[in-house]
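Read the structure below first, then the notes.
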Amino acid sequence: MIKASLTSATKRFGETVAVDGVSLEVEDGEFVVLLGPTGAGKTTTLRLFAGLETPDKGRVTIAGSDVTRLGPAERDVAFVFQQYSLYPHLTVFENLAFPLKAPGRRVSAAQIRKRVEEIAELLRIAPKLKNRVTALSGGEMQRVSIGRALVREPNLFLMDEPLSSLDAKLREDLRLELKRIQRDLGATIVYVTHDQLEAMTLADRIGVLAEGRLVQIDTPRVVYERPANIYAAQRLGSPQINLVAPTALAVGEVPGGAAQVGVRPEDVVVAPREGTNGVANAPPKGVPGEILTVEHFGVETIALIDIGGRQVHALLGPRTTLTQGMPVAASVRPGAALYFDATGARL
Ligand SMILES: Nc1ncnc2c1ncn2[C@@H]1O[C@H](COP(=O)(O)OP(=O)(O)OP(=O)(O)O)[C@@H](O)[C@H]1O
């Protein structure tokens, strides 16, 4: 079942087309992440779902109804923003209970208590329910913000970089918890980020936005392995995909119309050009290059290699014996090259 959709939605601000003919269907229980750099139109897309913006063209539906002309209060959506928007003079319990006490909601005190306690448990803030929110850490405050959205069981959750104000460790913890909670509750979430790690780990599908357009929407794996174009290819992967001239890495048969070849670092095969005792082995396959740097990250090692004046990243095994300055031969794992035409579209 489709829980929310945009159909050919366009939103302009003066000369700027913030969202340009975006069509997007979010399934019930799905976690869709909108990924793109600053100004790509992520927040505006989210605000169209929320009813905080009205599209100039196109339609918005939520739970099967056309809500294009309805305001936020009439859409039954919950938002979480980057900055916690909590009531500082209230306790954690009162902040979590607040959305349930809105006028028109007839929820008994006992039901409120039960729901708040459930959510507090889920978010692991139950021991803090009596604390004032000002006495919480940043991570706890953001948990309360997320909890405030979750108590209500709305049609749709809209989250705009909810973890970006947190430090790396908290961010990771909360990211894992958010995914677990979303699965447990079967919640439908549209989530905005420019963090590829969040996108890769949270999303059922990633929507890649560029200049207001939805460039690709698919599972993280498909966007990574079969990007629609160079732009989408560059959004995922760290280090970024290597882009070289069609023949620079000797990648075999190049399809007609290929202007660039994309090779992920893990698909660059690197072999030493000389035997360890200085005696030449049979020359390895590939183009000659030289190792510029080797960085050890524990679980992986990344080398930067110069091949004929071009630099490419290669993922090496953790126990690699390759070191800086070594002459090497670089090639591409068979079948792993991605070909792009002059417009950047993948062939
Ligand atoms: N209220 C507004 N008035 C004028 N221009 C706006 C307004 N809101 C957004 N824009 C413009 O629309 C474009 C898309 O903005 P949007 O905030 O949707 O991008 P974003 O991908 O969310 O970026 P960020 O990651 O920086 O939040 C930008 O060029 C922005 O300057």
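The values are calculated or read from the model by the stated rules, or taken from the named source; none is laboratory data. Because the structure is predicted, anything quoted here is derived from the model rather than measured. Every residue, glycine as well, gets a Cβ built from its backbone with ideal geometry; the counts of neighbours run over all protein chains shown. We work out accessible area using only protein heavy atoms, side chains counted, and drop any ligands, DNA or RNA first. Shrake-Rupley method; radii C 1.70, N 1.55, O 1.52, S 1.80 Å.
Annotations
- Residues of the range 54-66 satisfying the condition of being open to solvent by 10 Å² or more (accessible area, probe 1.4 Å) and either at pLDDT below 95 or under 23 Å from Leu150 (Cα atoms) (or both): Thr61, Ala63, Gly64, Ser65
- When the test is whether a residue is more than 9 Å from the ligand (Cβ to nearest atom) and on the phi > 0 side of the Ramachandran plot, Gly21 passes it.
- The range 1-18, residues that are within 14 Å of the ligand (Cβ to nearest atom) and of a type in the set (A, V, I, L, M): Leu6, Ala9, Val17, Ala18
- Qualifying residues in the range 225-253 (those that are open to solvent by 50 Å² or more (accessible area, probe 1.4 Å) and in contact (Cβ under 8 Å) with a residue 40 or more places away in the chain) - the one nearest to Leu347 (Cα to Cα): Arg226
- Some residue of the range 70-84 being open to solvent by less than 10 Å² (accessible area, probe 1.4 Å), away from the ligand (no atom under 16 Å from the Cβ) and part of a loop (DSSP other than H, G, I, E, B): yes
- Within the range 67-95, residues that are over 17 Å from Val192 (Cα atoms) sit with their Cβ atoms under 9 Å from residues that are among the β-branched types (Val, Ile, Thr) and open to solvent by 70 Å² or more (accessible area, probe 1.4 Å), at 6+ positions apart or across chains, in these pairs: Leu86/Thr134; Pro88/Thr134; His89/Thr134.
- Residues in the range 85-128 that are part of a loop (DSSP other than H, G, I, E, B), charged (D, E, K, R) and over 24 Å from Ser165 (Cβ atoms): Arg105, Arg106.
- Residue in the range 129-138 that is within 24 Å of Arg183 (Cα to Cα), open to solvent by less than 40 Å² (accessible area, probe 1.4 Å), of a type in the set (Gly, Ala, Ser) and in a helix (DSSP H, G or I) present: no
- Residues located in the range 24-41, provided they are open to solvent by 60 Å² or more (accessible area, probe 1.4 Å) and either more than 8 Å from the ligand (Cβ to nearest atom) or of a type in the set (Asp, Glu) (or both): Glu25, Glu27, Asp28
- Filtering Thr45, Thr54 for residues that are polar (S, T, N, Q), within 25 Å of Glu161 (Cβ to Cβ) and under 23 Å from the mean Cα position of the chain (by Cα) leaves a single hit, Thr45.
- Residue count, the range 1-35 (criterion: assigned to a loop (DSSP other than H, G, I, E, B), under 25 Å from Ile181 (Cβ atoms) and either within 21 Å of the chain's Cα centre (by Cα) or modelled with pLDDT of 95 or more (or both)): 3
- Residue within the range 199-216 that is more than 16 Å from the ligand (Cβ to nearest atom), of a type outside the set (Ser, Thr, Tyr), in a helix (DSSP H, G or I) and more than 8 Å from the chain's Cα centre (by Cα) present: no
- Candidate set: the range 297-320, residues that are outside any strand (DSSP E or B) and without any contact (Cβ under 8 Å) to a residue 24 or more places away in the chain; chosen: the one most open to solvent (accessible area, probe 1.4 Å): Arg319
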